[in-house]
Amino acid sequence: MRNLHIYLLAAALAAVGLGLSAYKFFVIGLPLHERASVSAWEVESEIRVTAAGGPLKLSTFVAEDSREFSVLDHRIAAPDFGVTTAPDGANRRLNLTARAATGLLVARQRFIVHRNEVRAPERRPVPPFRQPITLDDTAQSIARSLYISAHGKSADAISLVTVLLRALISPDRAENVRYLLGDDHSPRKIALLAAQILRVGGHFARAVQGIDLSKTGISVDTKTWLEVHVGDRWVSFSIATGEPRIPRSYFAWWRGDAPFASVEGGKLTRQRISVTQVEETVLRHALALGKHEGAFLANYSLYSLPAPQRAIFHVIMTIPIGVLMLVVLRNLVGLRGVGTFMPVLIALSFRETHLLWGLVLFSAALSAGLLVRLYFDHLKLLLVARLGAIVMFVILLLAVMTVLSDKLNFQPGLSVALFPLVILTMTIERVSVIWDESGPSEAIKMAAFSLVIAAFCYALMSARPVQHIFFAFPELILVLMALTLLIGRYSGYRLSELFRFRVLAERQP
Amino acid sequence: MSLLGIARRLHEIGVLGMNARNGDYILPCNPRKLYPLVDDKLLTKELAQKAGLATPELYAAFQYSGEIPHARELLDRYENFVVKPANGSGGSGILVIKGRVGNNLRLANHRVLTWDDLRFHMQNILAGIYSLGGQDDRVLVEYCVEYDHVFDSITYLGVPDIRLIAYKGVPVMGMLRLPTSESEGKANLHQGAIGAGIDLASGRTLTAVWRNAIVNEHPDSLAVVSGVQIPHFERMLAIAAGCNAMTGLGYVGVDLVLDRDKGPLMLELNARPGLNIQIANRAGLAARLEAVDRADAGRLPAAERIAFAKEHFAAKAGDPV
């Protein structure tokens, strides 16, 4: 019964651990390897303005997250300007101002765009609001007749927009369409006009301007399409086809008929948008997407910690794997070291001294400590006083070794922190107790075993993939716990016992 | 033989492994709170006296370092005595004093010890250097056992002792532990003593284990260790059979010595007895423990429990006796 209980508990722990990990891996897309990469786009806009000498106001738009894309690492480089942002309808305006600017001024905006694997909910569900109709009376009556005509030839809002757009883009346009468009047949003009006509008919409609991420280059064209509010959401319509869909690579930047940049008090000399494809780590990608996947991952994962704590947890989260290794070595293999989890702690202190130097340092300090302990034996000191004297000696020894290695430039990365010192002292104490109880050979054997086990633990715990896995998927520790519980009920032979009792197996009883 | 083959064979014979001992017998049978009863030899002694079991006479006990300076006044009247930490493990910290050399003490291994040395040793014991958890300890000074002459040729310097494992009141396996020069007169196997299995039915020794190998002679005297009849073995079985009820521990190692005048004396108990006894007996403990559980022999009265042990755990024919 007890075993069944353990099996069920272990299975439950493993299922929760693996389930959570699988969710994070498959749904959120947290990678198993921290260097796995995914495509993303680096977008840079550059606006050059020749200032007239007086106050200068430059206005452009900030790229924001959408349902399809996430914007990361947004940076604005405009050293000559005061920078403010302010919401403006469906957009966010970037206002750059200068009091008495002269000459050529440059404002740059740079960001990374990731595609959302799962469509994010609308980040700021802005209720549609009535936008002004800027057509004159004649144009408005033509627009109304175009609208009525399209309305008559369509079944619902979506097909209405498609019919209207087709009427606007068709090469053999009707006379009234040509009147409204004038000489400008660009998609931008058509989108703006379609929005106006739809507004006349009582719809919420707007032109959208953005870029096509699939067309990379140092100077890419902006794209324009149409958004119409249907039901409770905005539907995008392609100007080229009139269909209610746009290419997946279209990244919306700003909405409405405003140009990308407008200048007061100066002259816009150049505006340019560049798109390059970059390899972003899947990890950053997933974390960026995690912003939308619900608050859980973003707010309660280890990644949300400030950097110093994150660094500490990178280490702490690897302790369970070292502990499991000790449990395996102890209960399945039958190897014993000094103390229960001392080798894991020694391995942790190797992190600060590096493996080779750590082994040298540890062995040297341990041997010196034991020698001094042997000498103190003649002085007939009481236990605690003797241990205290040994600790003081070890501290002096570490100080000397550190100063020497520093003077000789022996190991630039050497850092003997407080932590290894405590571990070292504890180890010397344990080893000297074993020395007293079981003799020098046993003590040296145990110490050597401990160092070997610690070296293995260090190799395992300091491996970057291991650190990443347990940091990204801390719930895997539940799986380790399940394994530990199972080993805790393992009543078979240890590997060492097969050698120990081999004589019994060889003979017939 | 492959490792898997060895594992299968050991399982067939019923050899008990460390994990099974801890998980299947010690954890369920030995409640942790009873450990102090056996870890502290003073408590064990009191318990045994209450139960009417013979133990070596207690000469003195020291609890505070202020008492240590008076050690000579208290102990000088005894020619021979043994100094022990009450919470010692594995025979560490034990000094056996055998007579005097002038103003100094003579140890069983013929080394000379000053009274100062002895007092320092006792201070160390009080400071907890030999106790399991390093906590403060007590010093125990007791009668020095004069071992029976039957062991004269098969021991070296120290007192041989008899380890019996009792499970639910049934003695299941026994071993005679003989000090060697390597063990410096101590009867602990991991310090180099040899252990000879005992046929529970007759009380005669079987072949011995020395450092995980099977031997038939004492490594110092080369005398044959098997086939030695242990005197008063019946009384030893009775003592062992009573230790479970006395302590409440279901699985216990009972250490006895055989004094040439006082007969069997119970030295100490062990809640985590070692597994090498299986090599000494060339038999598996698990098989015997399961036999006790199958027959529910723990419920029988003491005499029948011993009879059960003698009937079921006798050395098999073909074993060298």
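The values are calculated or read from the model by the stated rules, or taken from the named source; none is laboratory data. Predicted model, so just to flag it, every value in this text is computed and none were measured. In this analysis, Cβ positions are derived from the backbone assuming ideal geometry, glycine residues included, and neighbour counts consider all displayed protein chains.
Results, tabulated for the structure shown:
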{"item": "Members of the range B:132-173 found to be within 13 Å of chain A (Cβ to nearest Cβ) and either farther than 19 Å from residue B:268 by Cβ or surrounded by fewer than 24 Cβ atoms within 10 Å (Cβ to Cβ) (or both), listed by number", "result": "B:132, B:133, B:134, B:135, B:136"}
{"item": "Of residues in the range A:103-134 being at pLDDT 60 or above and loosely packed, with under 13 Cβ neighbours inside 10 Å, the one nearest to residue A:70 (Cα to Cα)", "result": "A:127"}
{"item": "Residue list for the range B:258-279, filter: crowded, with 23+ Cβ neighbours inside 10 Å, of a type in the set (A, V, I, L, M, F, W, C) and closer than 16 Å to residue B:171 by Cα", "result": "B:266, B:269, B:277"}
{"item": "Test: residue in the range A:82-98 that is within 25 Å of residue A:216 (Cα to Cα), surrounded by fewer than 16 Cβ atoms within 10 Å (Cβ to Cβ) and at pLDDT 80 or above", "result": "yes"}
{"item": "Yes/no for residue A:402 being under 17 Å from residue A:447 (Cβ atoms) and β-branched (Val, Ile, Thr)", "result": "no"}
{"item": "The range A:449-501: number of residues that are outside any helix (DSSP H, G or I) and within 14 Å of another protein chain (Cβ to nearest Cβ)", "result": "7"}
{"item": "Output for the range B:15-32, where each listed residue is outside any helix (DSSP H, G or I) and within 9 Å of chain A (Cβ to nearest Cβ)", "result": "B:15, B:17"}
{"item": "Per-region count, the range B:1-14, residues more than 7 Å from chain A (Cβ to nearest Cβ) and part of a helix (DSSP H, G or I)", "result": "5"}
{"item": "Any hit, the range B:33-55, residues being more than 14 Å from chain A (Cβ to nearest Cβ), assigned to a loop (DSSP other than H, G, I, E, B) and loosely packed, with under 13 Cβ neighbours inside 10 Å", "result": "yes"}
{"item": "Given (1) away from chain A (no Cβ under 14 Å); (2) in a helix (DSSP H, G or I); (3) more than 20 Å from residue B:265 (Cβ to Cβ), index of the condition residue B:100 fails", "result": "(2)"}
{"item": "Single unsatisfied condition, residue B:116 versus (1) within 9 Å of chain A (Cβ to nearest Cβ); (2) touching a strand residue (DSSP E or B) at 6+ places or on another chain (Cβ under 9 Å); (3) in a helix (DSSP H, G or I)", "result": "(2)"}
{"item": "Members of the range B:132-156 found to be free of Cβ contacts under 8 Å to residues at least 60 places away in the same chain and out of contact with any Pro (no Cβ under 6 Å at 6 or more places or on another chain), listed by number", "result": "B:133, B:134, B:135, B:136, B:152"}
{"item": "Any hit, the range A:168-186, residues being closer than 30 Å to residue A:113 by Cα, crowded, with 16+ Cβ neighbours inside 10 Å and not charged (D, E, K, R)", "result": "no"}
{"item": "For residue A:425: the one exception among (1) under 28 Å from residue A:357 (Cα atoms); (2) modelled with pLDDT of 80 or more; (3) of a type in the set (S, T, N, Q)", "result": "(2)"}
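Here's the yes/no breakdown for (1) closer than 12 Å to residue A:253 by Cβ; (2) under 27 Å from the mean Cα position of the chain (by Cα):
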{"site": "A:31", "(1), (2)": "no, yes"}
{"site": "A:41", "(1), (2)": "no, yes"}
{"site": "A:46", "(1), (2)": "no, no"}
{"site": "A:51", "(1), (2)": "no, no"}
{"site": "A:58", "(1), (2)": "no, no"}
{"site": "A:66", "(1), (2)": "yes, yes"}
{"site": "A:72", "(1), (2)": "no, yes"}
{"site": "A:90", "(1), (2)": "yes, no"}
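Residue by residue, here is whether (1) in contact with a His (Cβ under 6 Å, 6 or more places away or on another chain); (2) away from every other protein chain (no Cβ under 13 Å); (3) under 30 Å from residue B:9 (Cβ atoms) holds:
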{"site": "B:254", "(1), (2), (3)": "no, yes, yes"}
{"site": "B:258", "(1), (2), (3)": "no, yes, no"}
{"site": "B:263", "(1), (2), (3)": "yes, yes, no"}
{"site": "B:270", "(1), (2), (3)": "no, yes, yes"}
{"site": "B:278", "(1), (2), (3)": "no, no, yes"}
{"site": "B:281", "(1), (2), (3)": "no, no, yes"}
{"site": "B:290", "(1), (2), (3)": "no, no, yes"}
{"site": "B:299", "(1), (2), (3)": "no, yes, no"}
